[in-house]
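All remarks here apply to the structure that follows.
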Amino acid sequence: MARSNLAVTHRAAAERGGDRPALRSRQGGVTRDLSWADYRRRADHAAAAWIALGFGQDDRVGLIAENRVDWLVADVALLSVGAANVSMHSPLAPPQVEYQLAHSEARALIVSGQEQADKVLARLPALPRLDLLVSFDPIDSGGRVPTLTWTELEERGARLGPAGLETVRRREEELSLGTLATLIYTSGTTGPPKGVMLSHGNLLSNAASVNEMLQLGQDQVSLSWLPFSHIYARTMDHYLAFLTGGVLYISESLDTVLADLAVAQPTVMNAVPRFYEKVWAAVEALPPEERRKRLHALFGPRLRELFSGGAPLPRHIAEGFHASGVMLLEGYGLTESSPTISFNRAGKHKFGTVGQAIPGVEIRIADDGEVLTKGPHVMVGYWRDPEATARAIVDGWLHTGDLGRLDDEGYLTITGRKKDLIITSGGKNISPNELEQLLTSDPLIDQAVVYGDAKPFPTALIVPNVVALEGEARKLGASLAADADGFVTDPAVLALLQEHVDRLMEVVSKPERVKAVVVLARPFTVEDDELTPTRKVRRARILEKHRVRLDALYAKRGPE
């Protein structure tokens, strides 16, 4: 590595970039740029203040805020200090915030404003190590904990003058690739969340390997809207920009992404499959030439590539975008791998796969089909959990928990999750992931979760493409009206969807076929804890919530 840590890498980018824009955002209809020089200046001031307050390499600082320029400035400042950023998803509930702060033993917390501050203020007795609250926007802490605004923190650092900057530079020189950069807590669907420890070396090596593959440069404009608290956006948007020197356009919110596309005119964008599924649903029924025009108008004339990660991308969507002249490339990774393990690239891709290993990364398939990976991207371990670390990393190989296969050219295909594997009462092993991708390839089906462990056959909970299904329902004189639990009940609609499912299932073996469905009239949401912050389906939680309804399908159908 040419650079010893992320902090000096950012400083070098700022020296090269100077007055060129580094961060671009839009508020109240006004677009604002932050130059590389000012980006570095603000981070230096904040870092100098943190060091003066006594923070260093042995400290953790929580950060819970929505995406904004300040989030990135704060992250760079903490990288320079050597303190680990305990980044938390902004929708977290107060007990979840309390757990992550207490478990990480954080000394300070950065919040966006009052709403996030209130999540922790009532829980201060359980957080004796928390002795400072810093807020991007002014808050009222009721005097319960020392509080600074972010502006006040930067002003403190600015008053330290050249001596403060020299202190920051010296601190950066003390950091190494092994210095802990961040703690990111996993979703904890099968137990308490685990704190994934990622070092400067983990993250810098991953960003550098992706950049070696993609060959991006200063002309890059990346539209960023995924949460910075998640490793996907942090590495693929934030840290990758340290190496490219390009512009990172920060979307106001998920609701403004389509409008931001028109303003940003990006060359590249990272997103999750859910976003592309919604876009495709809006254009799929159009004639091919009209579909092409609509997609090109949406993403703009400068677009080079779209990237998808965080969950499986339905193959028909990748193929459909490609046929319309829009390059949509799928990759694969997880928090524990910083995150990227493999990626498709322009001119070297295979639909249905997640690409080849990025430079410096090894992949192999274990005897039981599990995907293993080895390299500088593999996490340091789980915070305060050596037993879980020892189970996850064996002889340097990270056990991903995913099932997959490699072809002769090294392209990786993910076939499912080990823990999600369905074993029917007849002993048939079934990957729900493959069946779900098959189901959502139908224009009438938007989302699907397959059920059937220890059951005689698979069933599924389906969320329809409401617009498309309403059109079909009108032809039948039927309705999408839902019952009190939110499920579609019209027999004609259910029969129509079952006909579509039956046709889809003809390509799999009889024991694998989904033989009955229930239809939820609304989409899965983050607010209902059915999706992760990056819109990945929380299968276990959805099945737990609707198990009674799914079990009733077996009683209704009877033994096979």
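The values are calculated or read from the model by the stated rules, or taken from the named source; none is laboratory data. Because the structure is a prediction, the values reported are computed rather than measured. Cβ placement follows ideal geometry from the backbone for every residue including glycine, while neighbour counts extend to all protein chains displayed.
If a residue must be part of a loop (DSSP other than H, G, I, E, B) and either surrounded by 17 or more Cβ atoms within 10 Å (Cβ to Cβ) or touching a His at 6+ places or on another chain (Cβ under 6 Å) (or both), how many such residues does region 481-506 contain? Give the steps one after another, and end with the answer.
Residues of region 481-506 that are part of a loop (DSSP other than H, G, I, E, B), as a first pass: 481, 483-486, 489-490.
If we keep only those that are either surrounded by 17 or more Cβ atoms within 10 Å (Cβ to Cβ) or touching a His at 6+ places or on another chain (Cβ under 6 Å) (or both) too, we end up with 490.
Looking only at that region, the number is 1.
Of all residues in region 72-86, those satisfying the criterion of being more than 22 Å from Ala122 (Cβ to Cβ) and touching a strand residue (DSSP E or B) at 6+ places or on another chain (Cβ under 7 Å) are Leu72, Ala74, Asp75, Leu78, Leu79, Ala83, Ala84, Asn85.
Among the candidates Leu101, Leu92, Leu79, single out the residue that is surrounded by fewer than 22 Cβ atoms within 10 Å (Cβ to Cβ) and farther than 19 Å from Thr149 by Cβ.
Working: Leu101 fails: surrounded by fewer than 22 Cβ atoms within 10 Å (Cβ to Cβ); Leu79 fails: surrounded by fewer than 22 Cβ atoms within 10 Å (Cβ to Cβ).
Result: Leu92 is the single residue among Leu101, Leu92, Leu79 that is surrounded by fewer than 22 Cβ atoms within 10 Å (Cβ to Cβ) and farther than 19 Å from Thr149 by Cβ.
Within region 438-462, restricting attention to residues that are in a loop (DSSP other than H, G, I, E, B) and touching a Gly at 6+ places or on another chain (Cβ under 9 Å), the residue that is surrounded by the fewest Cβ atoms within 10 Å (Cβ to Cβ) is Pro456.
Scanning region 338-385 for residues that are touching a Leu at 6+ places or on another chain (Cβ under 6 Å) and of a type in the set (Lys, Arg) returns a single hit, Arg364. Counting only residues that are part of a helix (DSSP H, G or I) and surrounded by fewer than 18 Cβ atoms within 10 Å (Cβ to Cβ), how many does region 507-540 have? Counting residues in region 507-540 that are part of a helix (DSSP H, G or I) and surrounded by fewer than 18 Cβ atoms within 10 Å (Cβ to Cβ) gives 4. Filtered by the rule that a residue be surrounded by fewer than 14 Cβ atoms within 10 Å (Cβ to Cβ) and in contact with a Ser or Thr (Cβ under 7 Å, 6 or more places away or on another chain), region 143-170 gives no residues. Within region 287-313, residues that are farther than 9 Å from Thr267 by Cα sit with their Cβ atoms under 6 Å from residues that are among the acidic types (Asp, Glu) and surrounded by 15 or more Cβ atoms within 10 Å (Cβ to Cβ), at 6+ positions apart or across chains, in these pairs: Ser308/Glu330; Leu313/Glu330.
If the condition is being out of contact with any His (no Cβ under 6 Å at 6 or more places or on another chain), assigned to a loop (DSSP other than H, G, I, E, B) and polar (S, T, N, Q), then region 312-363 contributes Ser324, Asn344, Thr353. Taken over region 303-314, the criterion of being over 17 Å from Asp446 (Cβ atoms) and in contact with a strand residue (DSSP E or B) (Cβ under 7 Å, 6 or more places away or on another chain) is satisfied by Arg304, Glu305, Leu306, Phe307, Gly309.
Kindly provide the set of residues from region 230-249 that are in a loop (DSSP other than H, G, I, E, B), modelled with pLDDT of 95 or more and within 16 Å of Asp75 (Cα to Cα), ordered by number. Break it down into steps so the answer makes sense when it comes.
Applying the first criterion (in a loop (DSSP other than H, G, I, E, B)) to region 230-249 yields 230, 245-246.
Going one step further and asking which of them are modelled with pLDDT of 95 or more, we end up with 245-246.
Within region 230-249, none qualify.
Checking Arg16, Arg24, Arg20, Arg41 one by one, the residue that is farther than 24 Å from Ala264 by Cβ and either modelled with pLDDT of 95 or more or surrounded by 16 or more Cβ atoms within 10 Å (Cβ to Cβ) (or both) is Arg41 and no other. The set of residues in region 26-66 being more than 20 Å from Ser176 (Cβ to Cβ) and either of a type in the set (Phe, Trp, Tyr) or part of a loop (DSSP other than H, G, I, E, B) (or both) consists of Gly28, Gly29, Trp36, Tyr39, Leu53, Gly54, Ala65, Glu66.
For (1) surrounded by fewer than 24 Cβ atoms within 10 Å (Cβ to Cβ); (2) closer than 22 Å to Asp70 by Cβ; (3) modelled with pLDDT of 95 or more, each residue gets a yes or a no:
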site: Glu172; (1), (2), (3): yes, yes, yes
site: Ala208; (1), (2), (3): yes, no, yes
site: Met213; (1), (2), (3): yes, no, no
site: Leu226; (1), (2), (3): no, yes, no
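For region 282-310, the candidate set comprises residues that are among the hydrophobic types (A, V, I, L, M, F, W, C) and buried (at least 17 other Cβ atoms within 10 Å of the Cβ); within that set, the residue that is farthest from Val526 (Cα to Cα) is Leu303.
Mind telling me which of the residues Ala492, Ala516, Ala540 ends up being under 21 Å from Asn429 (Cα atoms) and in contact with a helix residue (DSSP H, G or I) (Cβ under 6 Å, 6 or more places away or on another chain)? First the steps, then the outcome.
Details: Ala492 fails: under 21 Å from Asn429 (Cα atoms); Ala540 fails: in contact with a helix residue (DSSP H, G or I) (Cβ under 6 Å, 6 or more places away or on another chain).
None of the other options fit; the residue is Ala516.
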